[in-house]
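S.K.: This is the structure, below, for whatever I ask next.
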Amino acid sequence: MKRTIIAGLATLALIGTGIWWFTRPAPDSNLLTLYGNVDIRQVSLAFEGSDRVIELRVEEGDKVKAGQVLALLDTRTLRLEAAQAEAKIAAQEQILLRLRNGSRPEEIAQARARTAAANADAAIAAQDLQRLQELSRRSDGQAIKRQDLDHAVSNLQVARAQAEDQRKALRLAELGPRAEDIAQAEAELQSTQAELALLQLRLSQAELKAPADAVVRSRLLEPGDMASPQKPVFALALIEPKWVRVYVTEPQLGQVRPGMRAQVSTDSHPAQSIEGSVGYISSVAEFTPKAVQTEELRTSLVYEIRVRVRDPEDRLRLGMPATVRLALNSMNGNQGATP
C-alpha cells in the first residue's frame, strides 16, 4: 500500500514537472541581468593651512550641502597680521599721494626765499672781498693781511656754493618728485596689497567647506588637534553621482551601449528598483574580479561597466551587492556619458 502511494506521488511530481517545463514563460531575450556592487566616490577633506582646530560642526552620518562650513581653524594670528598689512597699506597710500601731488606752493615759496637769501650772502661776500682787495692795492699790501684776503675769498666761494645749492633745491621743488620714486612707491603699495590678499585667502581657507552634497563617513580630527594639508579632517561620501560597477563577458559586450536604461535593485529593497543608465564601458579587458558573481570561470576575461543611478532616498550604500537589469532595446538621452 505504501509503495503504491509513493509511486503515485512520484508520478504526480513528474507530471507537474512536465507541465511546468512546457508551459513556463520563455526567457526575456531583451533583458540582460548583471550582478555587481555599489560604488560611491569619496573625498578626504583637509585644511589647506596648518593651525589648531577650534570647532567641528558635523558628526558621522550627517548630510552636508555644498559650501557648508564643516570646521574652523584658529585665525587670531592671521587676523593680527592682516590688520598690520592694512596699516602699512594706509601709510604707503599717503606716501604715494604725497609724491603724486608734488611740492606744495608754500614749499616752493620757501625754496625761493632760501635761494634769494643765499644769493644775497654771496653778493655780500663778493663786496667784502672787493673792498679788501681795493684797500690792499692802495696800501701796497701793508694795510691788509694776506690771511684776511684768503678768508674773504673762501667766504665768497662758500656763499656762491650755498647759493647754487639753493637754486638747485628750488628747481627740484618746482619739478616735483621723480617718476622713478613714484613707481617705487606704487610697487611697494602693490606688494603690501598682495600680502594682504594672501592673508585674506589664508583666512578664508581657515573655514573647511563641503565641496559637494555628501554624507560624513568619518570624523578624523577633534577640536584642539593640529591640522595640516596632509591630515584629513573628514571623509565624505558624495551623494551624487552613485554608480553600480558590473562586469560583462565579451559576447555580452556587443549588446551594451552607453546610455542604455537600467533597473537596479538590492536585497534590502528587492521590489523597489532604481532607475539608471549605462555611463561607462571599459575599453580594456581584465580577469574576473573575485567579488563578481557570475557563472563563468574565474579566469574569464570581462569588461567593466558602470551604471549611473539617482538615489534621492539614499538607499544604496558603498559596496552593497546590487542586481542590474539592462533593457537591450531601449536607450535614453545620456548616450556617450562619461563617469
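The values are calculated or read from the model by the stated rules, or taken from the named source; none is laboratory data. Note that this is a predicted model, so its numbers are computed, not measured. Backbone-built Cβ (ideal geometry, glycine too); neighbour counts: all protein chains shown.
S.K.: Go through (1) surrounded by fewer than 17 Cβ atoms within 10 Å (Cβ to Cβ); (2) in the same structural domain as ASP51 (by the TED database) one by one and return the number of the condition GLN133 breaks.
M.R.: Among (1) surrounded by fewer than 17 Cβ atoms within 10 Å (Cβ to Cβ); (2) in the same structural domain as ASP51 (by the TED database), GLN133 violates only (2).
S.K.: Something else about it: With the requirement that a residue be without any contact (Cβ under 8 Å) to a residue 12 or more places away in the chain and either touching a Gly at 6+ places or on another chain (Cβ under 9 Å) or farther than 19 Å from VAL284 by Cβ (or both), what does the range 225-259 give you?
M.R.: none
S.K.: Residues to consider are ALA262, ALA214; find the one that is touching a Gly at 6+ places or on another chain (Cβ under 6 Å) and not assigned by the TED database to the domain that holds ARG104.
M.R.: That would be ALA262, the only listed residue that is touching a Gly at 6+ places or on another chain (Cβ under 6 Å) and not assigned by the TED database to the domain that holds ARG104.
S.K.: Only one of these is at pLDDT below 85, touching a His at 6+ places or on another chain (Cβ under 8 Å) and charged (D, E, K, R): ARG298, ARG315. Name it.
M.R.: The unique qualifying residue is ARG315.
S.K.: Right, here's the next one. What number of residues in the range 93-113 are touching a Leu at 6+ places or on another chain (Cβ under 9 Å) and modelled with pLDDT of 85 or more? If you could, list the steps in order and put the result at the bottom.
M.R.: Taking the range 93-113 first, the residues touching a Leu at 6+ places or on another chain (Cβ under 9 Å) are 93, 95-96, 102-103, 108, 111-112.
Now drop any that are not modelled with pLDDT of 85 or more, which leaves 93, 95-96.
Count: 3.
S.K.: Quick one: THR192 ticks every box in (1) modelled with pLDDT under 85; (2) part of a helix (DSSP H, G or I); (3) surrounded by 13 or more Cβ atoms within 10 Å (Cβ to Cβ); (4) in contact with a helix residue (DSSP H, G or I) (Cβ under 9 Å, 6 or more places away or on another chain) except a single one, so which number is it?
M.R.: The number of the failed condition is (1).
S.K.: Could I ask something else about it? What are the residue pairs meeting all of these: first residue in the range 164-180, first residue among the acidic types (Asp, Glu) and at pLDDT below 75, second residue surrounded by 13 or more Cβ atoms within 10 Å (Cβ to Cβ) and not in a helix (DSSP H, G or I), Cβ atoms under 8 Å, and 6 or more apart or on different chains?
M.R.: Pairs found: GLU174/SER103.
S.K.: Continuing with this model, one more query. Could you give every pair whose Cβ atoms fall below 6 Å, whose first residue belongs to the range 306-323 and is in contact (Cβ under 8 Å) with a residue 24 or more places away in the chain, and whose second residue is part of a loop (DSSP other than H, G, I, E, B), counting only separations of at least 6 or pairs across chains?
M.R.: Here the result reads ARG306/PRO339; ARG315/HIS269; MET320/THR266; ALA322/THR266, each pair linking the range 306-323 to a residue that is part of a loop (DSSP other than H, G, I, E, B).
S.K.: Since ALA85 meets every condition but one in (1) at pLDDT 90 or above; (2) not in a helix (DSSP H, G or I), which condition does it not meet?
M.R.: Among (1) at pLDDT 90 or above; (2) not in a helix (DSSP H, G or I), the lone unmet condition for ALA85 is (2).
S.K.: Among the listed residues VAL153, VAL216, identify the single one that is in a strand (DSSP E or B) and either surrounded by fewer than 12 Cβ atoms within 10 Å (Cβ to Cβ) or among the aliphatic types (A, V, I, L, M) (or both).
M.R.: Step by step, each of VAL153, VAL216 is checked, and only VAL216 is in a strand (DSSP E or B) and either surrounded by fewer than 12 Cβ atoms within 10 Å (Cβ to Cβ) or among the aliphatic types (A, V, I, L, M) (or both).
S.K.: Let me ask another. Run down LEU78, LEU70, LEU132, LEU156 and say which single residue is touching a helix residue (DSSP H, G or I) at 6+ places or on another chain (Cβ under 7 Å), at pLDDT 90 or above and not aromatic (Phe, Trp, Tyr).
M.R.: Exactly one residue qualifies, and that residue is LEU78.
S.K.: Now for a separate question. With respect to ARG245, is the statement that it is closer than 19 Å to TYR35 by Cα and either in a loop (DSSP other than H, G, I, E, B) or of a type outside the set (Lys, Arg) (or both) true? Full working, then the answer.
M.R.: Details: closer than 19 Å to TYR35 by Cα: yes; either in a loop (DSSP other than H, G, I, E, B) or of a type outside the set (Lys, Arg) (or both): no.
Considered against the rule, which asks whether it is closer than 19 Å to TYR35 by Cα and either in a loop (DSSP other than H, G, I, E, B) or of a type outside the set (Lys, Arg) (or both), ARG245 comes out as no.
S.K.: Next question, about the same structure. Can you say whether VAL284 is over 30 Å from LEU56 (Cβ atoms), modelled with pLDDT of 90 or more and not in a helix (DSSP H, G or I), as far as the supplied structure shows?
M.R.: For VAL284, the condition - over 30 Å from LEU56 (Cβ atoms), modelled with pLDDT of 90 or more and not in a helix (DSSP H, G or I) - is not met.
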